[in-house]
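Just so it is clear, none of the values below were taken in a lab; they were calculated from the coordinates. Model, not experiment: these values are computed from the prediction. Note that we place each Cβ from the backbone using ideal geometry, even for glycine, and neighbour counts take in every protein chain shown.
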Amino acid sequence: MSFARSSLNFAEVAAKYPDFPRFVMLKTDIHRRGLSYTDAALAAFDPERHQAGGTHLFNTRDGKLTGRPESISLRDGTLVLATPAPPEQNPYVVDVVDGKLTLTDRGEAIDEVFYWDKPDYYGKRTSNGVLMQNVVSSRPQRLFVVPNRFCHFWTDGGRCKFCDIVNNLKQQRAEIAMQTKIKAQDIKETIQEALKEKGRFTAVFLTGGSDFRGEEAFDRETDYYIDILRTIDECFAAPKYPSQLLCTALNKEQLQRIHEQTGLTSVTMDIEVLDEEQFNRVCPGKARWIGYREWKRRLCDAVEVFGENRVNTGIVSGTEIVAPTRFRSEDEALEAVLSEADDLAAHGVSTVNMVWQPRPESDFGKEQNASLEYYVRLAWGLQNIRRKHGLRVDFDDYRRCGNHPDSDLARVF
């Protein structure tokens with residue numbers, strides 16, 4: 001059975017959706033297609049000033065870790081979180097045109113772009129001798145902590161099909177001496193050093209691989225995050241501070257323990273795919289250990305624990321249409337996804353969208369993501385659902401994360 005995709009190019013999508021902000025649309029398409037850098041653009045990259053890639057949780061689309069910029073920002077400040085992609089994926093190209101760093105497409109200059117400035121703590125070491133940039137990485141306004149880079153779903157054949165976390169860890173350990181588990185003291189020292197850069201960072205974010213071990217499933221994961229968060233708490237005078245944990249769908253008791261025993265203020269539990277049939281196929285470990293309907297129920301429970309506008313879930317949009325799929329078109333998939341997102345929003349849970357970027361060391365590494373029009377309509381739909389239900393996603397928005405085209409729309413609407 002053939003699958004119906006939109007074939008509109010950027011100019012045609014922009015003409016069809018004139019009210020959709022162009023910078024957000026451009027960001028979305030860069031995420032969808034990836035980036036590449038000319039020799040001139042790489043020569044303009046200053047490792048003493050600019051933030052280099054290499055410490056992210058997942059690998060690049062061309063499988064190369066280091067020696068290039070982390071990513072770019074657009075002229076209006078829009079944060080782009082796209083990784084280098086091989087030529088066959090038709091990436092946008094960063095070049096130098098008339099002395100300015102410029103985004104180009106098929107040789108045509110589009111607009112000036114900028115590399116991210118490196119934070120002051122990068123290059124420094126903890127008392128244990130660990131490079132601080134390998135302990136806590138940075139997005140322009142958020143401290144990004146990954147205390148555990150191993151996911152136990154990979155031990156029983158349950159890894160998510162789009163994910164390359166463990167394969168990326170193996171490469172990072174070989175190339176940049178990345179640790180699988182980061183010591184709490186190293187995290188504390190790094191955050192304390194980062195906070196010396198007054199006004200730079202607005203939130204702390206934690207995430208990592210799932211760990212189903214424990215007397216109750218995921219108790220080990222819960223205990224580990226509590227230990228890490230308690231140490232981070234020592235960096236702040238207030239009992240609660242802007243913070244986000246992206247974790248497995250923990251049960252209500254586990255969430256209550258985290259909320260009561262730490263300074264954490266928001267939680268994200270990524271369901272990845274808003275369709276039960278595709279969830280079971282794409283995320284077999286999550287399906288086996290928790291299940292789609294239970295995952296949704298636990299998201300709703302989290303609202304009772306953390307409060308409204310403090311809970312969301314993320315989807316890796318585009319994986320729902322990877323064959324075999326029950327959907328016959330992008331229209332059908334979009335309708336189903338937005339219906340599920342609306343159901344969650346009715347219970348106080350926001351959904352944010354990550355544009356799927358196929359990674360070569362994942363099971364879906366050679367699959368095709370969705371069309372630009374699909375992603376534009378999805379971003380509109382998710383933003384409108386939040387407006388309909390009076391929800392905000394301030395803790396995971398365009399400033400604190402930058403990975404979600406739908407939350408970028410909150411800048412304008």
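Listing for the model above:
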read-out	value
DSSP H segments from the chain that extend 20 Å or more along their own axis, Cα-based, with Kyte-Doolittle mean of -0.5 or above	330-345
Space enclosed by the convex hull of the alpha-carbon atoms of segment 177-334, per residue, Å³	152
DSSP bridge pairs, segment 119-265: antiparallel proportion in percent, nearest 5	40
Projected label distance in nm at residue 76 and residue 261, using a 7 Å step from Cα toward the beta-carbon	4.5
Segment 191-223 versus segment 44-68: alpha-carbon centroid distance in Å	22
Sorted by Cβ density within 10 Å, fewest first, the residues 225, 375, 37	37, 225, 375
Two-decimal Rg/Rh across segment 39-123, once Rg and the Kirkwood Rh are taken from alpha-carbon atoms	0.94
Extent along principal axes [Cα atoms of segment 266-413; Å; largest to smallest]	38, 35, 28
Rounded to 5, the percent of DSSP beta bridges in the chain classed as antiparallel	45
Inverse of mean 1/r across different Cα pairs in the chain, Kirkwood, Å	21.6
Gaussian network model of the chain, springs between alpha carbon atoms under 10 Å - residue of 231, 319, 83 with greatest fluctuation	231
Gyration tensor (Cα) of segment 226-284, equivalent ellipsoid semi-axes in angstrom	29, 11, 9
Length gained when the stretch residue 223-residue 277 is fully extended (0.36 nm per residue, less Cα-Cα span)	16.3 nm
Neighbour-count ranking [beta-carbon atoms within 10 angstrom, fewest first] of 106, 61	106, 61
The chain - mean residue ellipticity at 222 nm from DSSP helices (-39,500 (n - 2.57) per run, n ≥ 4, rounded to 500)	-10000 deg cm²/dmol
Scattering curve values for segment 326-399, log₁₀ I(q)/I(0), Debye with Cα scatterers, q = 0.11, 0.12, 0.27 Å⁻¹	-0.33, -0.39, -1.24
Distance between modelled label sites at residue 110 and residue 326, nm, 7 Å Cα→Cβ extension	3.5
Simple label model, 7 Å out from Cα along Cβ direction - residue 389 to residue 196, nm	4.4
Calculated FRET value between residue 177 and residue 366, using beta carbons and R₀ = 30 Å, to 0.05	0.50
